[in-house]
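Input: a single structure, listed below in structure tokens.
Just so it is clear, none of the values below were taken in a lab; they were calculated from the coordinates. In this text the structure is predicted, and so the values were computed from the model without any measurement. A quick note on method: Cβ atoms are made from the backbone with ideal geometry, for glycine too, and the neighbour counts reach across all protein chains shown.
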Amino acid sequence: MQLTESHRQYWAKNLRITAILLGLWFVVTYVVAFMARDLNFSFFGWPFSFWMGAQGSLIAYVLIIVYYAHYMNNLDKEHGCAEEEED
Amino acid sequence: MAGMSPDSGSAFSGGGSNAAFKKQLNKVYAWYVGGFISFVVVLAIAEQMGLTRQYIGYAFLAATVLLYAGIGFMSRTNDAAEYYVAGRRVPAMYNGMATGADWMSAASFIGMAGTLYLTGYSGLAFIMGWTGGYCLVALFLAPYLRKFGQFTIPDFLGARYDGNLPRFLGVVAAILCSFVYVVAQIYGVGLITTRLTGVSFELGIFLGLAGILVCSFLGGMKAVTWTQVAQYIILIIAYMIPVVWLSVKQTGFPIPQIVYGYQLEKVTAREAELIKDPKELEVIAKSVQML
């Protein structure tokens, strides 16, 4: 298959959004866990690092996935490679 | 799309358009929720009239196994796309429910609270690991798996990287993960069956395995998805009611996720108090002597 300019743009955008979201994922997962002792201020009655482990990072994960799905759906439509919906 | 299967009359195959399929699913699961609630009400009435706890356990076990077996039987198929990937047309919300039911598995149901209590902050690694893993699946695997049109991850790796070594690595990883996971799950299944029915642990394991086999063997991924959605509805109710109840009793606020941090503060304060208690010190001194 011949790659067109549209394909290249699509792939560049795909890589960019994946890198950004993966960076976010890394921060809420590893950076917060690594700094756990220093992030000890109280948050909703929890030490902040505990809250991140129990709820905060999970909320961040869900938001990352929701945003990614939304973004990629739009990108698919823009570049004409969305799946055909048989309505 | 290959949505047609030999039994396109049944509720879970729906040969028509995606919108009609979704509508039909909504209807089926609305009936299912109604049925579940009335089943619980009937059991509550039977309990008031003197049904013993043991028979309530039997009734629950029989009803759920029959139900999942029924769904498994109705979803039977011999179409490869239906069997391996549920025809690639499960609506997002239902797929989310099925995945959620996997998340709330036997291990998390009976093991997670204790693990967190014992290990504290490090125990949260389990929670973050198996939720954060979904991000990696979503960003790196799932969309490409779908676009490549493969059924399994080793297949996908073999097609994408063109060779048997990547495929082999995929197989090893898949077997390693599922083996560890299944051992814990089977143990949990045995424990729960024993607890609910009073049969011996070994028999409990076989009963549970038979249930799983009936549910998944005939219909593959299609059957698993639709039984998982049914389980999700029961699980989410079973998880939420006791916790919301506790939260209302303890704090007067019905959303436990928001207020349980404050409750944990109280538990910590109480713990510090108990450790200084003279009786507790006596017990600790005695247990040290015994060592």
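Determine the distance separating the Cα centre of region A:31-68 from the Cα centre of region B:64-122; give it in Å without decimals. With region A:31-68 and region B:64-122 each reduced to a Cα centre, they are spaced 26 Å. Average 1/r across all pairs of distinct alpha carbons in the protein assembly as shown, invert it, and you get the Kirkwood radius: 24.3 Å.
Here is the link list: B:22/B:222; B:22/B:147; B:27/B:222. Which ones come out longer than 26 Å on Cα distance? Beyond 26 Å: nothing from the list. Dividing the Cα radius of gyration of region B:184-249 by its Kirkwood radius returns 1.08 for Rg/Rh.
Across peptide B:262-272, the average count of Cβ atoms from other chains found within 10 Å of a residue's Cβ is 1. Assuming charge only on the beta carbon of Lys and Arg (+1) and of Asp and Glu (-1), the dipole of region B:220-291 about its Cα centre is about 240 debye to the nearest 20. The mean number of Cβ atoms from other chains found within 10 Å of a Cβ in peptide B:127-135 is 6, as a whole number. Using the Karplus relation 6.51 cos²θ - 1.76 cosθ + 1.60 with θ = phi - 60°, the per-residue 3J(HN,Hα) values for region B:281-286 come to 4, 4, 4, 4, 4, 5 Hz, with x marking Gly and Pro. The order of A:79, A:70, A:7, going from fewest to most other C-beta atoms within 10 Å of their C-beta, is A:70, A:7, A:79. Shown in residue order for region B:99-114 are the 3J(HN,Hα) couplings computed by the Karplus curve 6.51 cos²θ - 1.76 cosθ + 1.60 at θ = phi - 60°: 5, x, 5, 5, 4, 8, 7, 3, 4, 6, 5, 9, x, 5, 4, x Hz (x for Gly and Pro).
Note on region B:42-132: with charges restricted to the Cβ of Lys and Arg (+1) and Asp and Glu (-1), its dipole about the Cα centre is near 40 debye.
For region B:159-168, the Karplus equation 6.51 cos²θ - 1.76 cosθ + 1.60, evaluated at θ = phi - 60°, returns couplings of 6, 6, 9, 6, x, 8, 5, x, 4, 5 Hz by residue, with Gly and Pro reported as x. Among B:97, B:128, B:221, the residue with the largest mean-square fluctuation in a Gaussian network model of chain B, with springs joining Cα atoms closer than 10 Å, is B:128. Sorting B:82, B:265 by the number of Cβ atoms found within 10 Å of their own Cβ, with the fewest placed first, yields B:265, B:82. Taking amide H as placed 1.01 Å from N in the peptide plane, residue A:43 has its amide H under 5 Å from the amide H of A:48, each at least 5 places away in sequence or on another chain.
Per residue of A:29-35, other chain Cβ atoms within 10 Å of the residue Cβ number 2 on average.
Diagonalising the gyration tensor over the Cα atoms of chain B and scaling each eigenvalue by 5 before taking the square root yields semi-axes of 39, 27, 20 Å, largest first. Given +1 at the Cβ of Lys and Arg, -1 at the Cβ of Asp and Glu and no other charges, the dipole of chain B around its Cα centre is 580 debye to the nearest 20.
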